[in-house]
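Working notes, beginning with the structure itself.
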Amino acid sequence: TIDFVSYDKSPIKTEMCTTDPDTGEQVCKNPINVGLYFNDVWAYELDCYREGTTAQGEQAQFCGGVFNGDRCTSDDDCEETPFKKCEEVTFGSTANYDASSGTGPCPATDDNQNAKSWACLGSDLPCEDQAWKELDYGARRGGCRYVLGREVCTHPSERWRHGASMFDDSTMLVYGGFSQRCEDYCDDLWAFDVRDNTWMEIYEVGKFAFGDAPGKRWRFSLVSDGQRYPCPKALEEQNQDEIECGRFYIFGGFRLWHGFARDNSEDNRWRSNEELPDGGYMDDLWVYNKRLLNPDEPMPT
């Protein structure tokens, strides 16, 4: 049975433990990471080489691909190579596609195994090149340390159910979520620059009073429309050069219900917000204006 899940260790069963012959100490290892949160960053390359096309009709009889080790992008490229022809076009079906052999989810029939070409499957076939790339490995417990009595972190702490959105200046903003370092739900805001894979903390946990910001929450909706807008006057006054802003919007979410506070009970109908702000499931809407960086402008530190 699993009795305990700690912050940074996997659940341990007795059969996973051995005794170190040199020290006599019990060593327990679990090869599977369980109960862990992460703060790494990954990117998926959409603009990569893909086999396939969305052509229809007679043009859909050729699909390109790798056949017998040869890359083919037209019938002439692999004129002598045996191809496979599909009787039916099956767009988007990639479950059985093998880029190394050139075989794909074509209907198996006896009379089409060596036909010259095979029907196109759609442009969502797997990337030939590396599709996923790790941009930042993350840092244990956010890389936090105390400097002159103040906690300084290099990364947002490990978390889940947060919100993230990309902006038109190569930065991604991350807000909120659940993390042990936030003592439940977070209200910090971080920016990640995909140009040099660096983090910057914009607002630390607990920066704003209740009502001045969305506050601690998780499982909310966050979206950016990707547009550029004139910045609010307050931001313009802080910058001498002409600037533009992007926006993201936060709706709803959940945080600890204020009725659980010690000063709330049936006597006051759980209405006090002295210790905790309004909580539970929420339906409020917030907008954040972010000053967009110029192409050659580094992210502030």
task: May I ask you to list pairs of residues, at least six apart or on different chains, whose Cβ atoms are under 6 Å apart, with the first in region 144-168 being among the polar types (S, T, N, Q) and the second being surrounded by fewer than 17 Cβ atoms within 10 Å (Cβ to Cβ)?
output: 154/143
field: Checklist (1) more than 29 Å from residue 152 (Cβ to Cβ); (2) under 20 Å from the mean Cα position of the chain (by Cα) applied to residue 229, failing item
entry: (2)
field: Residues located in region 155-168, provided they are closer than 22 Å to residue 216 by Cβ and either open to solvent by 60 Å² or more (accessible area, probe 1.4 Å) or in contact with a Pro (Cβ under 9 Å, 6 or more places away or on another chain) (or both)
entry: 160, 161, 162
message: Please go through region 201-214 and give me each residue that is surrounded by 15 or more Cβ atoms within 10 Å (Cβ to Cβ) and in contact with a strand residue (DSSP E or B) (Cβ under 7 Å, 6 or more places away or on another chain), ordered by number.
response: 201, 202, 214
statement: Counting only strands (runs of 3 or more DSSP E) entirely within region 127-196, those with at least 2 residues that are closer than 29 Å to residue 210 by Cα and not aliphatic (A, V, I, L, M) are 145-147, 150-152, 163-166, 171-175, 189-193
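Conditions (1) open to solvent by less than 60 Å² (accessible area, probe 1.4 Å); (2) charged (D, E, K, R); (3) touching a Leu at 6+ places or on another chain (Cβ under 8 Å), marked per residue:
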position: 243; (1), (2), (3): yes, no, yes
position: 259; (1), (2), (3): yes, no, no
position: 263; (1), (2), (3): yes, yes, no
position: 267; (1), (2), (3): no, yes, no
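Condition check: farther than 19 Å from residue 162 by Cα, of a type outside the set (Gly, Ala, Ser) and touching a Ser or Thr at 6+ places or on another chain (Cβ under 7 Å). Does residue 299 satisfy that? Outline the logic, then answer.
Values: farther than 19 Å from residue 162 by Cα: yes; of a type outside the set (Gly, Ala, Ser): yes; touching a Ser or Thr at 6+ places or on another chain (Cβ under 7 Å): yes.
Answer is yes for this residue.
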query: Tell me, which residue of region 281-301 that is touching a strand residue (DSSP E or B) at 6+ places or on another chain (Cβ under 7 Å) and free of Cβ contacts under 8 Å to residues at least 40 places away in the same chain is most open to solvent (accessible area, probe 1.4 Å)?
result: 281
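Quick check on region 129-154: of everything there that is closer than 17 Å to residue 198 by Cα and within 17 Å of the chain's Cα centre (by Cα), which residue is surrounded by the most Cβ atoms within 10 Å (Cβ to Cβ)? Working first, answer last.
At the first step, the residues of region 129-154 found to be closer than 17 Å to residue 198 by Cα are 133-144, 152-154.
Among the residues that remain, those that are also within 17 Å of the chain's Cα centre (by Cα) are: 133-139, 142.
Values: 133: 10, 134: 11, 135: 15, 136: 16, 137: 11, 138: 18, 139: 17, 142: 24.
Selected residue: 142.
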- prompt: Tell me, which residue of region 179-195 that is free of Cβ contacts under 8 Å to residues at least 60 places away in the same chain and under 16 Å from residue 141 (Cβ atoms) is most open to solvent (accessible area, probe 1.4 Å)?
  reply: 183
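The values are calculated or read from the model by the stated rules, or taken from the named source; none is laboratory data. This structure is a prediction, so every number in the text was calculated from the model and none was measured. All Cβ positions, glycine included, derive from the backbone under ideal geometry; neighbour counts span all protein chains shown. Only protein heavy atoms, including side chains, enter the accessible area calculation; ligands, DNA and RNA are left aside. Shrake-Rupley method; radii C 1.70, N 1.55, O 1.52, S 1.80 Å.
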